[in-house]
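Worksheet: the structure to be examined is printed underneath.
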Amino acid sequence: MNPHFTAPSIDRFNLETIDQVCVDESHSRISFSLLLEHRHISQRLFFAVLDDDRTHGAAISVHPATGEVCDLINDAGVIGYLSSSPLPPRVPVDCEITVFKFGRNCVCSARVAGETFLYPAFTLPASPRLSALVGIESDNIRDGIGLQNARLVLSHAELPQAVA
């Protein structure tokens, strides 16, 4: 992590919960996809799949002016830059988080405007309830963001077992 970079805090975002799912210990695929439309190029966008304490999961911020894509929960900081930046205001941005859960261990990727970014692996507490969240740097989320087609999908995947 760059010692001169400070990732924005989740506290800087006005957040809205879109949906919630309860996850058991099995192998699962959790996907949160949405279209975000920002109205001000200088305001960061936020989307996440987090536990109730907002300490475990995947949380992504996107800076429309620079294309900076950041991890806000697992101390990875900048995970990449969009090649298509700046993102013009009032144009929907396709965003998605996909989490593959194997017991308590998770691997994840984030997709923003058609570009995929690897996200740091993390663990989840036993049988968590996960929330899909969206937000923007603003006092009023409805003043700065348009939200379309937001959905959280949980599917259980039967994965082959390793043979010794």
How many residues of segment 31-76 are at pLDDT 90 or above, polar (S, T, N, Q), in contact with a strand residue (DSSP E or B) (Cβ under 9 Å, 6 or more places away or on another chain) and more than 15 Å from Ser109 (Cα to Cα)? The answer is 1
Val112 vs (1) within 30 Å of Arg39 (Cβ to Cβ); (2) surrounded by fewer than 15 Cβ atoms within 10 Å (Cβ to Cβ); (3) among the hydrophobic types (A, V, I, L, M, F, W, C): all pass except (2)
For Phe102, the lone unmet condition from (1) among the hydrophobic types (A, V, I, L, M, F, W, C); (2) more than 18 Å from Leu15 (Cβ to Cβ); (3) crowded, with 17+ Cβ neighbours inside 10 Å is (3)
By my count, strands (runs of 3 or more DSSP E) wholly in segment 6-119 with at least 3 residues that are of a type in the set (D, E, K, R) are 93-102
Residue set Arg39, Arg29, Arg44; condition touching a His at 6+ places or on another chain (Cβ under 7 Å) and under 23 Å from Gly114 (Cβ atoms); output residue Arg44
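The values are calculated or read from the model by the stated rules, or taken from the named source; none is laboratory data. Model, not experiment: these values are computed from the prediction. Because the Cβ atoms are built from the backbone with ideal geometry, glycine has one as well, and the counts that use them run over all protein chains shown.
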